[in-house]
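Heads up, the thing below is written out as structure tokens.
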Amino acid sequence: EQVIYGLLGLLKNNPLQMNFVPERVRDKGTPVNAVHLTPMFWEVINRDFQIYWFEKFYQDWLEHPMRKGPEFAADHQVMALGFLDKLPDFVQTLNRELTINEVFSEKKYDRLAFFRALHIIALRRLIVFDDVKRSKNIEEQLARLKVIYKEVEKKNPFQVFEYFGAGSNPNPKEVEKIYKEFARANHPDLLPPTVSEDVRKTVHRVYAIVSDAYDVLTNEAKREKFVSGQRQEEVEKQLKAEGIAEEAMVQLRRGRATYALERLKEAYKINPITSIGVLLCWAKLKSYTGDVPYEVQKEVQGMLDDVPNEERRSPNYLFVSALLKKAAGDIEGAQAQLDKALTIDGNFLDARREVASLRNVKKPGANTDTFTGELTSVLGKFFAKKTAKK
């Protein structure tokens, strides 16, 4: 089609070139077909089409393989136009289905002669250009869309457009702009008919998610209904998470730290707020009867570091901070944090128990063998008495 438009455009700009058309073509009673027009087009191509025009016209197709088209035949009418004399083994070259650049890299043909022959055989559909570059782009697009689909699959409309760069509460105009940019590059109607089913399904899935989100955020009634539903859903999630956390804390105080840990993980997944996160750290540290592994200490420290400054004066935060310091061997630091927690809440029984447990923990460098120390003291006194009697 591009070849035909190029030819017709040239003829339109140069109407005098129509003078050579045979009389039988001018005769209104004689049907005109491609067989009649081919010699005319070939004359125009040879007389008026120059190398600079061909290079510009085919610049986007230089890397696309030339495939044999529906009209390809070695004895086709076009092959008798005379260009084969300047292009040895031209048919064999076409059979190899090379790109234009590959043909020129062999330095076998004059560029202008080749382009002229190429143009007329493309016009008659002896060859067609394979959409190689477009296929490559589609493969890249598929990989990109699969990533997008994975990211937005479970997001709500606000989160979908936030993913594409909108604010957390975008206005309809902002949504409209982003949607148009997305559709311009990813609309299913833009897909070539030859794409794989995998590509087509992925494009439709992603486009459906974005379109549904667009529909909600640009329709005032739907948007308000969604926001109201989200508020209700958030309240329900919060209540459910709090109920699970309360049950977990009862079990944690009864010494069932491992069970409490699993329940708190569930609560935190439902509603990942700071207060539940601190309780989760508490359960993590208490799940070990011996030394707490360094990896767990590091994980807990990371979660505590994320607690906002204004929430670091809560008794629970100070208590968990004390447990972490105790696990790291910082007994004085642990005692200081427990004292702060008890200053805020004097009835914090878990903190009081932990203070009592610290009294039995020796500081680094202290004699850890109590029995040996006491035995040495007794024996020392015994031998001292023996010496005195002598």
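The values are calculated or read from the model by the stated rules, or taken from the named source; none is laboratory data. Predicted model only: the values in this text are computed from it and were never measured. Every residue, glycine as well, gets a Cβ built from its backbone with ideal geometry; the counts of neighbours run over all protein chains shown. For the accessible areas, the whole protein counts, side chains as well, though only heavy atoms, and no ligand, DNA or RNA atoms are used. Shrake-Rupley method; radii C 1.70, N 1.55, O 1.52, S 1.80 Å.
Go over the candidates Leu84, Leu126, Leu118 one by one and state the one that is of a type outside the set (Gly, Ala, Ser), over 19 Å from Ser196 (Cα atoms) and touching a His at 6+ places or on another chain (Cβ under 9 Å). So the residue among Leu84, Leu126, Leu118 that is of a type outside the set (Gly, Ala, Ser), over 19 Å from Ser196 (Cα atoms) and touching a His at 6+ places or on another chain (Cβ under 9 Å) is Leu126. Scanning segment 132-141 for residues that are part of a loop (DSSP other than H, G, I, E, B), crowded, with 16+ Cβ neighbours inside 10 Å and touching a residue at least 12 places away in the same chain (Cβ under 8 Å) turns up nothing. No other residue among Leu112, Leu94 is assigned to a helix (DSSP H, G or I) and open to solvent by 30 Å² or more (accessible area, probe 1.4 Å) apart from Leu112. Hey, any hits in segment 185-196 for a residue that's modelled with pLDDT under 95, open to solvent by less than 30 Å² (accessible area, probe 1.4 Å) and among the β-branched types (Val, Ile, Thr)? Yes, because at least one residue in segment 185-196 is modelled with pLDDT under 95, open to solvent by less than 30 Å² (accessible area, probe 1.4 Å) and among the β-branched types (Val, Ile, Thr).
To keep it simple, each residue is scored yes or no on (1) assigned to a loop (DSSP other than H, G, I, E, B); (2) within 27 Å of Asp130 (Cα to Cα); (3) of a type in the set (Asp, Glu).
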{"site": "Lys155", "(1), (2), (3)": "yes, no, no"}
{"site": "Pro170", "(1), (2), (3)": "yes, no, no"}
{"site": "Ile178", "(1), (2), (3)": "no, no, no"}
{"site": "Ala183", "(1), (2), (3)": "no, yes, no"}
{"site": "Val199", "(1), (2), (3)": "no, yes, no"}
{"site": "Arg205", "(1), (2), (3)": "no, no, no"}
{"site": "Ala208", "(1), (2), (3)": "no, no, no"}
{"site": "Ser228", "(1), (2), (3)": "no, no, no"}
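Is there a residue being farther than 23 Å from Lys146 by Cα and crowded, with 17+ Cβ neighbours inside 10 Å anywhere in segment 168-180? So far as segment 168-180 goes, yes, one or more of its residues are farther than 23 Å from Lys146 by Cα and crowded, with 17+ Cβ neighbours inside 10 Å.
When residues in segment 333-380 are screened for being modelled with pLDDT under 55, among the aliphatic types (A, V, I, L, M) and within 28 Å of Val320 (Cα to Cα), 1 of them pass. Considering only segment 316-323, I want to know if a residue exists there that is closer than 21 Å to Ser287 by Cβ, at pLDDT 95 or above and either touching a Phe, Trp or Tyr at 6+ places or on another chain (Cβ under 6 Å) or surrounded by fewer than 11 Cβ atoms within 10 Å (Cβ to Cβ) (or both). Checked against the condition, which is being closer than 21 Å to Ser287 by Cβ, at pLDDT 95 or above and either touching a Phe, Trp or Tyr at 6+ places or on another chain (Cβ under 6 Å) or surrounded by fewer than 11 Cβ atoms within 10 Å (Cβ to Cβ) (or both), segment 316-323 yields at least one hit. Looking only at segment 31-61, filter to residues that are surrounded by 14 or more Cβ atoms within 10 Å (Cβ to Cβ) and of a type in the set (S, T, N, Q); which one of those is farthest from Glu71 (Cα to Cα)? So, considering only residues that are surrounded by 14 or more Cβ atoms within 10 Å (Cβ to Cβ) and of a type in the set (S, T, N, Q), the one farthest from Glu71 (Cα to Cα) is Asn46. Annotation note: Cβ proximity below 8 Å between a residue of segment 161-179 that is in contact (Cβ under 8 Å) with a residue 24 or more places away in the chain and on the phi < 0 side of the Ramachandran plot and a residue that is of a type outside the set (Ser, Thr, Tyr) and open to solvent by 70 Å² or more (accessible area, probe 1.4 Å) (sequence gap 6+ or interchain) occurs for Pro170/Glu162. Tell me whether segment 86-108 contains one or more residues that are more than 23 Å from His36 (Cα to Cα), without any contact (Cβ under 8 Å) to a residue 60 or more places away in the chain and touching a Pro at 6+ places or on another chain (Cβ under 6 Å). Scanning segment 86-108, I find at least one residue that is more than 23 Å from His36 (Cα to Cα), without any contact (Cβ under 8 Å) to a residue 60 or more places away in the chain and touching a Pro at 6+ places or on another chain (Cβ under 6 Å), so the answer is yes.
Name the one entry in Gly302, Gly290 that is surrounded by fewer than 19 Cβ atoms within 10 Å (Cβ to Cβ), more than 23 Å from Thr343 (Cα to Cα) and over 34 Å from the mean Cα position of the chain (by Cα). Exactly one of Gly302, Gly290 is surrounded by fewer than 19 Cβ atoms within 10 Å (Cβ to Cβ), more than 23 Å from Thr343 (Cα to Cα) and over 34 Å from the mean Cα position of the chain (by Cα), namely Gly290.
Here Asn186, Asn271 are screened, and the one residue that is touching a residue at least 12 places away in the same chain (Cβ under 8 Å) and farther than 30 Å from Ala351 by Cβ is Asn186.
Is there any pair linking a residue in segment 305-325 that is in contact (Cβ under 8 Å) with a residue 40 or more places away in the chain to one that is assigned to a helix (DSSP H, G or I), with Cβ under 6 Å and at least six apart or on different chains, and which? Note: pairs meeting the criteria are Asn316/Val278; Val320/Val278; Val320/Cys281; Val320/Trp282; Leu323/Leu285; Leu324/Val300.
The criterion of at least 2 residues that are within 29 Å of Asn156 (Cα to Cα) is met by the following helices (runs of 4 or more DSSP H) wholly inside segment 233-352: 257-270, 274-286, 294-305.
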